[in-house]
Amino acid sequence: MIRLTDISKSYELGENVVHALRGVNLEIGAGEMVAVVGSSGSGKSTLMQILGCLDRPDNGQYFLEDEDVSRLSKNRLAEIRNRRIGFVFQNFSLLPRLTALENVELPLLYGGASSAKRRAGLTLERVGLGDRTDHRPSQMSGGQAQRVAIARALVTDPAILLADEPTGNLDTATSNEIMELFAALHAEGRTILVVTHEPDVAARCPRQIHLRDGRVVE
């Protein structure tokens, strides 16, 4: 599903150069559930940006389903993000004025898909929120809001689900519920990457990749 070959990425910070990733080599198979673990500054966020086609590496190649996406145009990368990658963020990133159903519909509307409302409703049912379709984010708990975000990520039936600190704003009990949902999706054959600094969250994933100073160390 994913193959990274000698991926490097640097940023200029004032007069300094930050080497965020240093020759990362990595393979993730279809249907794997993987935790990407590391402390602040380890390169987790940069790796997430590249895996999600939100940024390009300076050097190396990134193959997603055997397609080298390392040097594609911005428009082509946007198309891949919309159709092949689902994102779940720590802060949910829901639009506050839209209902749960309308938030989940958005990727389908951007992609010009048909039957958007029906597909969004079915996906909300899949994450246990079929009775919350008309609720806005302010009317939901943190766990419910994150389930809406997961439904929005799933509604396009993406090849890969990227979750960036998905339990960072949740209490322990709700975090466990969200990780149980990810485990259920993994059992269906989904490819899932969870970026986290929480050992208990990482432990819920069958495989862990540890980053330190921009390198894979374990």
Looking at Phe63, Phe87, Phe92, which is the one that is in contact with a Leu (Cβ under 6 Å, 6 or more places away or on another chain) and closer than 28 Å to Ala183 by Cα? Phe87
Return the residue satisfying two criteria in turn: it lies in segment 117-137 and is closer than 25 Å to Met179 by Cβ and free of Cβ contacts under 8 Å to residues at least 12 places away in the same chain, and of such residues it is farthest from the chain's Cα centre (by Cα). Asp131
Residue check for Val155: under 25 Å from Asn75 (Cα atoms) and aliphatic (A, V, I, L, M): yes
Do you know which of the residues in segment 146-178 that are closer than 12 Å to Val127 by Cα and free of Cβ contacts under 8 Å to residues at least 40 places away in the same chain is surrounded by the fewest Cβ atoms within 10 Å (Cβ to Cβ)? Glu177
Give just the number: which of (1) aliphatic (A, V, I, L, M); (2) surrounded by fewer than 20 Cβ atoms within 10 Å (Cβ to Cβ); (3) over 30 Å from Arg136 (Cα atoms) does Ala78 not satisfy? (3)
Can you tell me how many residues within segment 96-116 are over 18 Å from the mean Cα position of the chain (by Cα), surrounded by 14 or more Cβ atoms within 10 Å (Cβ to Cβ) and modelled with pLDDT of 90 or more? 5
Is it true that some residue in segment 138-145 is in contact (Cβ under 8 Å) with a residue 40 or more places away in the chain and part of a loop (DSSP other than H, G, I, E, B)? yes
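I need the strands (runs of 3 or more DSSP E) fully contained in segment 1-95, keeping only those with at least 3 residues that are modelled with pLDDT of 90 or more and aliphatic (A, V, I, L, M). Show your work before the answer.
Working: elements: 2-13, 16-28, 33-37, 59-64, 85-89.
Ranges flagged: 2-13, 16-28, 33-37.
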Can you run down the residue pairs with Cβ atoms below 6 Å, 6 or more apart or on separate chains, where the first is in segment 45-58 and at negative phi and the partner is part of a helix (DSSP H, G or I)? Asp55/Gln49; Pro57/Ile50
Using the structure shown, decide if Ile50 is within 17 Å of Arg84 (Cβ to Cβ) and crowded, with 21+ Cβ neighbours inside 10 Å. yes
Which residues, counting only those in segment 1-38, are aliphatic (A, V, I, L, M) and either closer than 18 Å to Arg84 by Cβ or surrounded by fewer than 21 Cβ atoms within 10 Å (Cβ to Cβ) (or both)? Met1, Ile2, Leu4, Leu13, Val17, Val18, Leu26, Ile28, Ala30, Met33, Val34
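The values are calculated or read from the model by the stated rules, or taken from the named source; none is laboratory data. What you see is a predicted model; the values in this text were computed from it and never measured. So basically every Cβ, Gly included, is an ideal-geometry build from the backbone, and we count neighbours across all protein chains shown.
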